[in-house]
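The values are calculated or read from the model by the stated rules, or taken from the named source; none is laboratory data. Computed from a prediction, not measured in an experiment: that's the story for all the values here. Because the Cβ atoms are built from the backbone with ideal geometry, glycine has one as well, and the counts that use them run over all protein chains shown. These area figures cover heavy atoms from the full protein model, side chains too; ligands, DNA and RNA do not enter into them. Shrake-Rupley method; radii C 1.70, N 1.55, O 1.52, S 1.80 Å.
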Amino acid sequence: MWHSSVSVSVVHKSLQSLSCIVNMHFVSSAFAVSFVYGSNFKKIRRNFWSELGFLSSSPSLMDLPWTIMGDFNQILDPSENSLADQFSSSRGMREFQSCTHLLGLLDLQFCGNSFTWSNNQGASVISKKLDRILVNDNWLQCFPASLGVFSDPG
């Protein structure tokens, strides 16, 4: 990213994310990227959902293609936990779902491993999808061929 034809401006930073606006001479529109490392603590992660809401309505990011990527430390759906039954739903999951719904964020199409984290406990292994790439509609319109690639955990 550090090429003279690329301009990156940090617009927001916090304990759980770093958000930038990126301009590239060969891309017609500026776009926003937020890099996430969600807290291991549910109460602190709850602040991040509010932070995303603030960012989505900020003048610097509004109407831009936006991708939010990284380790959210929260699953979005019961199917993203190797041990969860399909009907279980935690408060943290519902809060994350509400955030993505309110902000119009969707998982970017991806290939590779569905589970991005594992406790590596042999016969008692638990796997989850904690890492993801979320995008808004503007992202999908500007970059319709975008694809996330997830390697094996570790």
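Against the 2.2 N^0.38 Å scaling, with N counting residues, where does the range 55-116 land? I'd like the Cα-based Rg ratio to two decimal places.
1.29
Measure nothing but the geometry: give the 0 to 90° angle between the long axis through the Cα atoms of 91-103 and the longest principal axis through the Cα atoms of the chain, rounded to 10°.
Helix 91-103 sits at roughly 20 degrees to that axis.
Kirkwood Rh over Cα pairs of the range 36-77 into Stokes-Einstein at 37 °C, 0.692 mPa s: D in µm²/s?
290
At a probe radius of 1.4 Å, what is the per-residue accessible area of Thr100, in Å² to the nearest 10?
10
Going 7 Å from the Cα of Val10 along its beta-carbon direction, which residues of the range 16-48 have the amide nitrogen within less than 20 Å of the resulting point?
16-24, 31-39, 48
Over the range 7-135, what is the mean sequence separation of C-alpha contacts under 8 Å (at least six apart), divided by residue count, expressed as relative contact order in percent?
Relative contact order of the range 7-135: 22 percent.
Would you please give the residues with an amide H less than 5 Å from that of Leu105, counting only those at least 5 places away or on a separate chain, with H modeled from the backbone geometry?
Long-range HN contacts for Leu105: none found.
Give the percent of DSSP beta bridges with both residues in the range 13-154 that are antiparallel, rounded to the nearest 5.
Within the range 13-154, antiparallel bridges account for around 65 percent of the total.
Grab the alpha carbons of the chain, take their convex hull, and tell me the volume per residue in Å³.
126
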